[in-house]
Amino acid sequence: MPRTPAELFAYLEDLGIEVATVSHPPLFTVSDSQALRGEIPGGHTKNLFLKDKKDNFFLVTVEEEAEVDLKQIHHVIGAASRVSFGKPEALMEFLGVIPGAVTAFGLINDEKARVRFVIDSALLEHGTINAHPLTNEATTSIAADDLLRFARATGHEPAILKVSA
């Protein structure tokens, strides 16, 4: 059973990580997010759940306006072949979220570390990073270093790479 936002917040608190969360109507796209979230400072994320032909899965987190070349990204992230988007069923199985709510916080649900976490180096230039807390009905702000610490605590060593154009 996937973790709930409340369980995520308790996990973060146990790690000594402070976050701030703003509730809002459900947001499914970056443009929805930009229109409805208000003025939340920091870098806002776009997340790509990808798989290669050998069923290796990747969560690639970039700044919301970053351009990513999906025809070439496999060279950067170490995929075995060109990548495609993972199916919603795999997204729920591995990260415990639905399309439109993909988030780095989903790593908490990947207890067997089957998904490789890739974060764009440009996103980490922001002191604060904003992501959905397992639901697209809220935005959670976390310090960039704390997001990396969270990922490591879930068993995912972040691959910090330049994936955006």
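The values are calculated or read from the model by the stated rules, or taken from the named source; none is laboratory data. On a predicted model such as this, the values are computed, not experimentally measured, just so you know. All Cβ positions, even for glycine, are placed from backbone atoms using ideal geometry, and neighbour counts span all protein chains on display.
Just a few scattered comments:
- Exactly one residue out of Ile73, Ile77 is more than 24 Å from Thr154 (Cα to Cα), among the hydrophobic types (A, V, I, L, M, F, W, C), surrounded by 13 or more Cβ atoms within 10 Å (Cβ to Cβ) and modelled with pLDDT of 95 or more: that is Ile73.
- Filter result (over 14 Å from the mean Cα position of the chain (by Cα) and either charged (D, E, K, R) or within 25 Å of Ala122 (Cα to Cα) (or both)) within segment 87-112: Lys87, Glu89, Glu93, Glu111, Lys112
- Residue within segment 137-150 that is at pLDDT below 95, of a type in the set (Asp, Glu) and out of contact with any helix residue (DSSP H, G or I) (no Cβ under 6 Å at 6 or more places or on another chain) present: yes
- Within segment 150-162, tally of residues that are touching a residue at least 60 places away in the same chain (Cβ under 8 Å) and within 14 Å of the chain's Cα centre (by Cα): 2
- Qualifying residue in segment 114-125 (condition: farther than 18 Å from Pro41 by Cα and more than 14 Å from the chain's Cα centre (by Cα)): yes
- The single condition among (1) at pLDDT below 90; (2) more than 15 Å from the chain's Cα centre (by Cα) that Thr29 does not meet is (2).
- Criterion (on the phi > 0 side of the Ramachandran plot and either crowded, with 17+ Cβ neighbours inside 10 Å or among the small types (Gly, Ala, Ser) (or both)) met by exactly one of Gly127, Gly106, Gly86, Gly155: Gly155
- Flag set for Val19, criterion: over 30 Å from His74 (Cα atoms), at pLDDT 90 or above and surrounded by 16 or more Cβ atoms within 10 Å (Cβ to Cβ).
- Among residues of segment 65-85 that are more than 18 Å from Ile160 (Cβ to Cβ), those with a beta-carbon under 7 Å from a residue that is among the β-branched types (Val, Ile, Thr) and in a loop (DSSP other than H, G, I, E, B) at least six positions away or on a different chain give the pairs Leu70/Val83.
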